[in-house]
1. What does the average come to when, for each residue of peptide B:233-239, you count the partner chain Cβ atoms lying within 10 Å of its Cβ?
2. Within chain A, count lysine pairs with alpha carbon atoms under 24 angstrom apart where the residues are 8 or more positions apart or belong to different chains.
3. Please express the shape of chain B as an equivalent ellipsoid: the semi-axes are the square roots of 5 times the eigenvalues of the C-alpha gyration tensor, given largest first in whole angstrom.
4. Along the positive direction of the dipole of chain B (beta-carbon charges: Lys, Arg +1; Asp, Glu -1; about the Cα centre), which of B:Ala128, B:Leu22, B:Ile32 reaches farthest?
5. If one takes the longest principal axis of the Cα atoms in chain A, at what angle in degrees, from 0 to 90 and to the nearest 10, does the Cα axis of helix A:232-249 lie?
6. Any idea how far the Cα center of segment B:194-241 sits from the one of segment A:1-36, in Å?
7. Per-residue counts of other Cβ atoms within 10 Å, averaged by peptide: what ranking do you get for A:192-205, A:99-112, B:173-186, highest first?
8. Could you work out, residue by residue across B:100-107, how many beta carbons of other chains sit within 10 Å of that residue's beta carbon, and then give the average as an integer?
Amino acid sequence: MTALALPTRRDEAWRYSDLDAVASVWPVPAPVRIDVAAGESAQHHLLQDASDGGVAIHDYVIHVADGARCDFHLLNVGGKLGRVTFDVTLGRGSHFGLNGAIIGGDAQVLEIVSRVNHLQPDATSGQTIRSILGARATGSYLGAINVARDAQRTDAFQSVKAMLLDRTATVNAKPELEIYADDVKCAHGATVGELDKAALFYMASRGMDPATAKTLLLKAFVAGVFDDMGDEDERTRFEAAAIARLEALV
Amino acid sequence: MLTIDNLANAIDGKAILKGLSLSIGAGEIHAIMGPNGAGKSTLAYTLGGRPGYEVTGGSATLAGEDLLAMEPHERAAAGLFLGFQYPVEIPGVSNLQFLRESLNSQRKARGEAALSGGEFIKLAKEKAALLGLDMEMLKRPVNVGFSGGEKKRAEMVQMGILDPKFAILDETDSGLDIDALKVVGAGINAIMRKPDKGVLLITHYQRLLDYVRPDFVHVLAGGRIIKSGGPELALQLEREGYAELVAA
């Protein structure tokens, strides 16, 4: 792979990134390729928990052949920059699922950038992203879905929800659709919120200290992201890592 | 036990309580009645420490401890329970998890050992049975999808598990049919009618007081207690309404 020029902010996929951090590791290695053969099912996951101050960039190029299925679980919590990208191409009747959580504090920049290409008919894709950001952290989800002219009966959804713990934290949520077929379903939703103050008072009135109450609400917010991980040990590891990161934030 | 002296507060700069004084001894149940907008719920929230309910004067102590100096969760650990008129829904957090964390937070604040999972479930089962609430309900998220009556029963189960010294129950009777009212009334008596506990019932209506007999009844209007008496005062209010009393 040829070394590409350092990205700039003009490039939409890099607009919210930490370009100084990117420069420190540039050029990044070639992307990881995942090929799921026709009719097969694959589960992949990444727990991105680079050390404090570290820079982690993970790029995936995923090809899901006809009738195949690929489910990816992602927990993006580590480093001063943690960036995970997906370039997915879907064959006829195939499926791609991405369940991701971003949990960040300090001045972390944590990003999920996806491009899902529906090139053939009858493929489905689903992306569920939950972000929790405190202090001066920035969390971004940039998700493009391209539906080619031949990709009739495409069914795609993006569900993006973010919770800001401090007014100084930033979230960018950008589902982006480019559709050239006429018989498609593409649902997308993005919400940004804060912890429910009424719930926090209710919990306090029962004696729960503020940190416990916040952690419980945040756990409920990200609950479900890792529910359908096939490997139970891995699921336990992901959930424990998410909770540990949450507890450090509140 | 609960002593409120000349309490004044403001919400968004608007005065609501204007010098409210009330003293409730151990073993006593008091009822506060009053017209809409009198400040009844404001009194409950102010004593509970709800953010935005700014105290502008006076004092409130529970068993000699300064309530107003404490954070809301510290007030609970000190023995205060606030029954909500509109219990809050918390999706994704089960009642059991909610209550176990609450109880163990309180115990930790008091320097007591945490209850184990088994001990807690035993306690929860006992209190749920007392209020006729199915244990399955307690496995569901807090108040989510509960009917009005189920929410109030669940509140009383919470009270039973947390076992407070003092309960302020804000319109716990609203939204209850007669059967549920009987169960909730019996629950309040079973949990709180004890020589070392006290209750402040906030209500619009006499009907709850048929099941939970108050020792004293107070009328709150315009941010102050304007009349106090025995149980007969509630009956008089039911007959005559508040208009005459408030105008006087």
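1. Details: counts 0, 0, 0, 0, 0, 0, 0.
Across the residues of B:233-239, the mean count of other-chain Cβ atoms within 10 Å is 0.
2. Going through chain A pair by pair, I get 13.
3. Values: eigenvalues 168, 90, 53 Å².
So the three semi-axes of chain B are 29, 21, 16 Å.
4. Most positive-ward Cα: B:Ala128.
5. Computed tilt is about 50 degrees.
6. Using only Cα atoms, the two centres lie 70 Å from each other.
7. Values: A:192-205: 19.1, A:99-112: 23.9, B:173-186: 17.1.
Ranked by mean Cβ neighbours within 10 Å, highest first: A:99-112, A:192-205, B:173-186.
8. Values: counts 0, 9, 11, 3, 3, 10, 4, 1.
The shielding value for this peptide is 5.
Read-outs: derived from the displayed coordinates by stated rules, not from any lab. From a predicted model like this one, the values you see are computed outputs, not experimental measurements. Virtual Cβ from ideal backbone geometry, glycine too; neighbours counted across all protein chains shown.
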